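Have a look at the structure below before the remarks.
The values are calculated or read from the model by the stated rules, or taken from the named source; none is laboratory data. Only a predicted model underlies this, so the values are computations on that prediction, with no experimental measurement involved. As a convention, Cβ positions derive from the backbone with ideal geometry for all residues, glycine included, and neighbour counts pool all protein chains shown.
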Amino acid sequence: MTRGRKIAIIVPAAAGVVSTPLIWLLGSPGAGELAGACIQAAVGIAALVWALFQPPGNRAEDTAIRTGPARASGGGRATAGIRRPQGRGSGSAKAEDTGNATASGDGSSATSGIDYT
């Protein structure tokens, strides 16, 4: 789960845990209102706990080992390893013993290892 999404869940849950039960309990609650306040507080706490224990999202663990050769021609692109356009992905990227990458022809490109372009 992304950090923004966690915040979007935690803030309303915390507000629900504190605000409505507090307002109900300040006005001499009856049995029904007391039960409602307890249920609402429990649901808010459950949402807080659930959001806090969610794993972070978009964690790519990329590994390329002994990939062999890559060839590009005629404007093509070849990668002997890992390709992450514009540096996408927040996890680790590891390339070991990648093969030779060769490009021939106009507009062709080849990368051996990790390509962040």
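GLY4 meets the conditions (1) among the small types (Gly, Ala, Ser); (2) farther than 28 Å from PRO55 by Cβ; (3) out of contact with any helix residue (DSSP H, G or I) (no Cβ under 9 Å at 6 or more places or on another chain) in every case but one. The failed one is (2). Would you please name the residue that is modelled with the highest pLDDT, looking only at residues in segment 53-67 that are within 19 Å of ILE10 (Cβ to Cβ) and surrounded by 11 or more Cβ atoms within 10 Å (Cβ to Cβ)? Top of the filtered list is GLN54.
Does ASN100 satisfy being modelled with pLDDT under 85, among the polar types (S, T, N, Q) and exposed (fewer than 14 other Cβ atoms within 10 Å of the Cβ)?
Numbers: modelled with pLDDT under 85: no; among the polar types (S, T, N, Q): yes; exposed (fewer than 14 other Cβ atoms within 10 Å of the Cβ): yes.
So ASN100 fails the test.
Please work out if PRO29 is surrounded by 13 or more Cβ atoms within 10 Å (Cβ to Cβ) and in a loop (DSSP other than H, G, I, E, B). In short, yes. GLY75 meets each of the listed conditions (1) at pLDDT 80 or above; (2) outside any loop (DSSP other than H, G, I, E, B); (3) in contact with a Ser or Thr (Cβ under 9 Å, 6 or more places away or on another chain); (4) exposed (fewer than 15 other Cβ atoms within 10 Å of the Cβ) apart from (2). Among the criteria (1) assigned to a loop (DSSP other than H, G, I, E, B); (2) touching a strand residue (DSSP E or B) at 6+ places or on another chain (Cβ under 7 Å); (3) under 30 Å from GLY4 (Cα atoms), the one THR117 does not fulfil is (2). You will find that of GLN40, GLN54, the residue that is touching a helix residue (DSSP H, G or I) at 6+ places or on another chain (Cβ under 6 Å), of a type outside the set (Ser, Thr, Tyr) and over 16 Å from ASP115 (Cβ atoms) is GLN40 and no other.
Residue-by-condition table, conditions (1) out of contact with any strand residue (DSSP E or B) (no Cβ under 8 Å at 6 or more places or on another chain); (2) in a helix (DSSP H, G or I); (3) in contact (Cβ under 8 Å) with a residue 12 or more places away in the chain:
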residue	(1), (2), (3)
GLN86	yes, yes, yes
LYS94	no, no, yes
ALA103	no, no, yes
ASP106	yes, no, yes
GLY113	no, no, yes
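Of the residues SER92, SER19, SER108, which is polar (S, T, N, Q), more than 29 Å from the chain's Cα centre (by Cα) and loosely packed, with under 15 Cβ neighbours inside 10 Å? I'd like the intermediate steps shown before the answer.
On the way: SER92 fails: more than 29 Å from the chain's Cα centre (by Cα); SER108 fails: loosely packed, with under 15 Cβ neighbours inside 10 Å.
SER19 is the lone residue from the list that is polar (S, T, N, Q), more than 29 Å from the chain's Cα centre (by Cα) and loosely packed, with under 15 Cβ neighbours inside 10 Å.
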